[in-house]
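Below: one structure, written as structure tokens.
The values are calculated or read from the model by the stated rules, or taken from the named source; none is laboratory data. Predicted, not measured: the structure shown is a model, and the values here were computed from it. Cβ atoms come from the backbone with ideal geometry, glycine included; neighbour counts cover every protein chain shown.
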Amino acid sequence: MKTMKNFKLLFLLLLVIFLGKVTVSQNVFTKSIGADPSILHQADSVKQELTKQGFVVLKEASIKMESEYEMPVIVPLTEGSWYQFVFIGEMTSKLYEVRMYDWEEKQVVYQKKQWGDVDGNVISYSYIPKLSEYHMMKPVQVNKNKKILSGYVMLFKKVKQ
């Protein structure tokens, strides 16, 4: 019981830190430091395609990542809404994974891609939460030649038509 309470406190702390970084990264980071042009090009293509399908961008951020280490991304999701999460890693990485957890630490999504797969550096999945609560996505990429990597995360929501 105490462990769950500690996790929720840590989760909220990470949420506050993340939300502060997302605000900065959406306006500054994606346009300057660390924004890989090829990743930005792919992100623009994904945004265009999902917009045609009736989705709107809720959040997006260019992120710096360390090879083999997960980057927690915390977002509030609303029960019954249709979301699309997209992670784009560097094309030179050999492995890409995304895990998503609900508020109770239950893994609700797992996707893995490898270098050489079609669109191997892009992981995209739909998710409709059963409860309105915070979820944590943890993208990771593995690169043999680089320790610090660029990545891009986007969260879309389906709008009613």
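Are any residues in the range 78-108 out of contact with any Phe, Trp or Tyr (no Cβ under 6 Å at 6 or more places or on another chain), in a strand (DSSP E or B) and without any contact (Cβ under 8 Å) to a residue 40 or more places away in the chain, and if so, which ones?
100, 101, 108
Show the residue pairs meeting these rules: Cβ distance below 7 Å; 6+ apart or different chains; first residue within the range 148-161 and within 18 Å of residue 73 (Cα to Cα); second residue crowded, with 23+ Cβ neighbours inside 10 Å and of a type in the set (Phe, Trp, Tyr).
Listed pairs, sorted by first residue: 151/87; 153/87; 155/85.
Which count do you get for residues in the range 77-87 that are surrounded by 15 or more Cβ atoms within 10 Å (Cβ to Cβ) and either within 9 Å of the chain's Cα centre (by Cα) or not polar (S, T, N, Q) (or both)?
Of the residues in the range 77-87, 6 are surrounded by 15 or more Cβ atoms within 10 Å (Cβ to Cβ) and either within 9 Å of the chain's Cα centre (by Cα) or not polar (S, T, N, Q) (or both).
Restrict the check to the range 113-122 and report whether at least one residue is of a type in the set (Phe, Trp, Tyr) and under 14 Å from the mean Cα position of the chain (by Cα).
no
Based on this model, can you work out whether residue 23 counts as modelled with pLDDT under 95, surrounded by 17 or more Cβ atoms within 10 Å (Cβ to Cβ) and either of a type outside the set (Asp, Glu) or out of contact with any Leu (no Cβ under 7 Å at 6 or more places or on another chain) (or both)? Working first, answer last.
On the way: modelled with pLDDT under 95: yes; surrounded by 17 or more Cβ atoms within 10 Å (Cβ to Cβ): no; either of a type outside the set (Asp, Glu) or out of contact with any Leu (no Cβ under 7 Å at 6 or more places or on another chain) (or both): yes.
Considered against the rule, which asks whether it is modelled with pLDDT under 95, surrounded by 17 or more Cβ atoms within 10 Å (Cβ to Cβ) and either of a type outside the set (Asp, Glu) or out of contact with any Leu (no Cβ under 7 Å at 6 or more places or on another chain) (or both), residue 23 comes out as no.
Suppose the filter is under 16 Å from the mean Cα position of the chain (by Cα), more than 18 Å from residue 40 (Cβ to Cβ), part of a strand (DSSP E or B) and not charged (D, E, K, R); does residue 126 pass it?
In short, yes.
Answer yes if at least one residue in the range 109-125 is of a type in the set (S, T, N, Q) and over 21 Å from residue 76 (Cα atoms), and no otherwise.
For the range 109-125, residues of a type in the set (S, T, N, Q) and over 21 Å from residue 76 (Cα atoms): present.
Could you list, in sequence order, the residues of the range 35-64 that are farther than 16 Å from residue 126 by Cα and either part of a helix (DSSP H, G or I) or touching an Asp or Glu at 6+ places or on another chain (Cβ under 9 Å) (or both)?
Selection gives 36, 37, 38, 39, 40, 41, 42, 43, 44, 45, 48, 62.
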